[in-house]
Every structure is written in structure tokens, then in C-alpha cells.
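Each remark here refers to the structure printed beneath this line.
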Amino acid sequence: MENVKDLNSKPLTVKQYLVVSSMLFGLFFGAGNLIFPIHLGQLAGAHWGLATVGFLVTAVVLPLLSVLAVSVTRSEGVYDIGRPLGPAFALVFMILIHATIGPLFGTPRTATIPFSVGVQPLLPSNLAHVGLFVFSVLFFGAAFLVSYKESNIMSSVGKILNPVFLVLLFAVFMLGFLSPMGTAAKQSVTTAYQHASFFNGFLQGYNTMDALAGLAFGVTVVTAVRQLGKTSAKSNAKVTAKAGLIATSMIGVIYVGLIWLGATTLGRYKVSADGGVAFNQMFTHYLGGVGHALLATLLTVTCLTTAVGLVAAFAQDFHKHFSKVSYRQWLAFMCLASFLTANFGLDQILLWSTPMLMFLYPFAMALILLSVFSPFFKRDPVVYAFVVVFTAVPALLDMVAAFPPVVSQSGFGKALAAFQQDTLPFASLGMDWVVPALIGAVLGLGIHFLKPVFAGRRVVTSEHVNVK
């Protein structure tokens, strides 16, 4: 791709940038991006401001960095981000990322959240399973049709679905700001957020899965930008980075509003079990039955845009590396697998997704940061290897601690938790991977920058021997 010239040598217009940014926004912003911030606002109460800052780091800054990582390294997907550690690691990392945000957890969630929050409350309890089955068939059928032609993704998401979503969301914000349920700064604060609001907000940002999704969406965004004629690596990366900045800035503004709205709901309601319940309460308060219909529409539209991005990215990446199976065959497999997982229900998906996120996020954050700063050490595999190896142990311990009680509260789980809390700094905050990763970075960078010195000494020594 380095020697390829742009088919379109002219700068993109503002409208074209907005379409790409709108597409990226739509791919990132799903139902989880609506319900988790609202729930965070309820949990943080009066401390919503500091919790918001922590949330924005993992839910906005990190996804932006993931887009920049794709741009800086001129990658086309998750595989290229892990490539410095060898093809085997890159392939395993790609499969784990796509499995997590794809058929195992992320993509099924795009169907179960709008159903659980918007549709299920309207159905008799005995029809819940049948309702989920029918809804998920229609939902993933629509996702398959929209992404069937790769060239349709940008126009469908960027020009149609996403603007509809933004109009609906603007209506929600107007209601909340014009007639708030309470004063956010005066609401009660849950125990966990009384002394660690920032770090708890930081960990809540994991639930959006956007840092992982940003890596996976790289191939979709690069393909879309190529369709605008920016086919060289340099110009494609430049457009991707600018579009990413616009999209994530929009998302950040929405997050601040949603977290504030969540805190204000405490003026009328208690802390809910999840953000979906809080969202439902808010709509019912302002609009009654009409509000519920609007909520169902809003969630379905925003989830469909994210589902389209996830299934397309999965199919594009897997077709690239397993080319005997076509893009459309991978797409069909992804939609079918996501449909099957979705029918286990939202509660089971959320229960088992947390351990995988606690395991993958430290690796993703480390690789994203390494990619962004890779020009300073020429993507030296030694630096990558030290950071990833040192990150592996705390990531595994975090995964075990996040498992359901059948694992985390077993004798084995308790023993690992005790070792983790006693040995690793910041373990109680869920940040125990930071110090090991930094140690790995220092060692790796030290070796990288000292290699020329040792190489020079070997040359001098051999020359000295030859002279003798």
C-alpha cells in the first residue's frame, strides 16, 4: 500500500469528513454506550464529575487512541496491531478480540439490550423467550442485509441510521435539561464511589468495549476511506485520524450529558440494577407510554448501527486471513452465531463478558499505546514483548477475580485474589497491570536503545582482534 497513489488527489470536503465521522460514530455508539453512562451517573451521584473523567479515559480517549494506532502504524485491522509480536500472536489476538466484541458477547448484546429494555416490558412474561427469538431473527437479518455489500456500510450507517439516532437522542437531552428530576450535585453517592470515583469510572468504561472495537473497526474505516479515493497509506491514515477525532469528541460530549442525567434521576428514583432500567424510568417519567416506544426505537437504531460495524469488521478481517471462506459466508456465520448467543439472554452475556474484558483490556491498552508511540522505537518487537509478557500475569489474575462466584469464590480463586492484593500495586483499584507494564516498557526500551551501543562495542572488539 506504500507505493499506491491516491485515486482522489483533492482534499476531502467537510461533508465527506462528516460522513466518515458519522459512520465511525455510529459504529462505536451502541446501546451499551447509552445505558452504562446513565448507570454510572446513578452510582456516582454527587461525585459524577470525577467519575466522568475516569470514564472518558477508557470510553473516549482510549478508543481515539485505538483509531490513531491504526493510523500511525498504517494498519488495516487488529492483526496488524499485534504483528510486531509475530504472526501467531497477532492471529490469536485478532481472534480473541473479534470473539469478545463479536459472537460471544458484544454483538449479541446489541440485540439483547434493545429487546430487554424496550420490547420485553411490553410482553407477557411467558412470551419473553419467544419475543427475544423473533426480535433477534429480525435484528440480525437486518444487520446482514445492510452489511451484505461492503460499499453500502458507509452510506447506510453514516448517512441514514446515525442521523436518525442523533435526532432521537437530542430530543431526550432536551427533556432532561429543561426539566431535570433533581440536582446532580446533591445526590447520594454509593459506597464504591465515595473514595475512588475516578478509578471506578475508569473501569466502567471497559463495558463499552470501544477500545477493542476501535481496533476491529480499523479495517472497516480504512475500506470506507479508500472508497473516497484516499488509497495511499499516508493520506488514508490522515483521514482516519481526523474522522476519529471528530467522532470520539461527539461521543465524549454525549457521555457527559448522559452521566449527568443519570445522577439527576436519583431525585426521583433509587439506584437501578442497570442502566437499562434507569433509561426506561427516565423515558417513562417524561413521556409515559410514548416515551417507551421512543426508547425502543432509539435503542434499536443505535444498536443496529453498531451491529453492522461489528459483523462487517469480523467478516472483513476473517476473510482476509482465512480467504477460502468468502466475506459473505463469514458475515452469515457471524450473524448466525450472534443470534444463537443472544438467545441466552442479556444477564448471562453480561455475567460472562466481564472476565474476558478484564483480561483483554490491559493487553489492548498496552498494544494501543505501543502502537501510537511506535515511531519512537521503530516498532521494535523486543519492546512489545517485554510489555505484553509483564502485563499477562495481572491480566490473568483480573480475569479470575471477575469470574462468577463459582470460580472467583472457590479456594483456587480466593488464593489467587489474596496473592494479587498482597503483591501487585493498585490491585484494589483494578489497575494492577499498570506497574508491571511500565516495568516491561522500561526494560524493553532500555534494551532497544542500548543495542546500538553493544553492537558498536562488538565491532570495535573484533577490529582490535584483527589488528593484533
Give me the net charge for the shell around Thr423: Cβ to Cβ below 14 angstrom, other residues only, Lys and Arg +1, Asp and Glu -1. -3
Can you list the lysines whose alpha carbon sits under 17 Å from that of Lys186, skipping same-chain ones fewer than 8 residues off? Lys270
Lys, Arg +1 and Asp, Glu -1 on Cβ, resulting dipole of the chain about Cα centre, debye, nearest 20: 1140
Calculate how steeply helix 411-423 sits against the longest principal axis of the alpha-carbon atoms of the chain, using the helix alpha-carbon long axis, and give the answer as 0 to 90 degrees to the nearest 10. 60
Between the helical axis of 162-178 and the dominant principal axis of the chain, each derived from Cα atoms, what acute angle in degrees is found, rounded to the nearest 10? 60
Stick to Cα atoms and the Kirkwood definition of Rh, then tell me Rg/Rh for region 1-59. 1.25
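Over the residues of the chain, compute the C-alpha Rg and express it relative to 2.2 N^0.38 Å.
Working: Rg = 23.3 Å, N = 468, 2.2 N^0.38 = 22.8 Å.
Against the empirical 2.2 N^0.38 Å value, I get 1.02 for the chain.
Calculate the FRET efficiency for Lys15 and Lys238 from the Cβ-Cβ distance with a Förster distance of 25 Å, rounded to the nearest 0.05. Walk me through the numbers before you get to the answer.
On the way: r = 17 Å, r/R0 = 0.70.
Computed FRET efficiency for Lys15 and Lys238: 0.90.
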Using only Cα atoms, figure out Rg for region 260-315 and give it as a multiple of 2.2 N^0.38 Å. 1.40
Step through the residues of region 57-72 one at a time and calculate ³J(HN,Hα) from phi using the Karplus curve (6.51 cos²θ - 1.76 cosθ + 1.60, θ = phi - 60°), rounding each to whole Hz and writing x for Gly and Pro. 4, 8, 9, 10, 4, 5, x, 4, 5, 5, 5, 5, 4, 5, 6, 4
By count of other Cβ within 10 Å, fewest leading, how are Met431, Met174, Met399, Met358 ordered? Met174, Met431, Met399, Met358
For region 74-155, what class follows from the C-alpha gyration tensor (a ≥ b ≥ c being the square roots of its eigenvalues): rounded when a/c is under 1.5, otherwise prolate if a/b is larger than b/c, else oblate? prolate
Say each of Trp352 and Leu340 gets a label point 7 Å from the Cα, pointing the same way as Cα to Cβ; how far apart are those two points in nm? 1.2
Relative to the longest principal axis of the C-alpha atoms of the chain, give the angle of the C-alpha long axis of helix 381-402, reported between 0 and 90° and rounded to the nearest 10°. 30
At 0.36 nm per residue, and after removing the present C-alpha to C-alpha distance, how many nm does the segment from Ala99 to Val382 gain when stretched out fully? 99.1 nm
Expressed as a fraction of 2.2 N^0.38 Å, the rule-of-thumb size for a compact globular protein of N residues, what is the C-alpha radius of gyration of region 189-333? 1.34
Students often get this wrong, so check it: of Lys378/Lys451; Lys15/Lys242; Lys5/Lys234; Lys10/Lys230; Lys15/Lys238; Lys320/Lys378, which have C-alpha atoms separated by over 19 Å? Lys320/Lys378
Return the whole-Å distance between the Cα centroid of region 36-84 and the Cα centroid of region 247-314. 18
Quick check on region 30-127: what are the equivalent-ellipsoid semi-axes from the Cα gyration tensor, as sqrt(5λ), descending, whole Å? 32, 22, 9
How big is region 348-468 along each principal axis, measuring the range of its Cα positions in Å and listing the largest first? 71, 28, 19
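Bear in mind that the values in this text are calculations on the coordinates, not laboratory data. For clarity, every value in this text was computed on a predicted model and none was experimentally measured. A quick note on method: Cβ atoms are made from the backbone with ideal geometry, for glycine too, and the neighbour counts reach across all protein chains shown.
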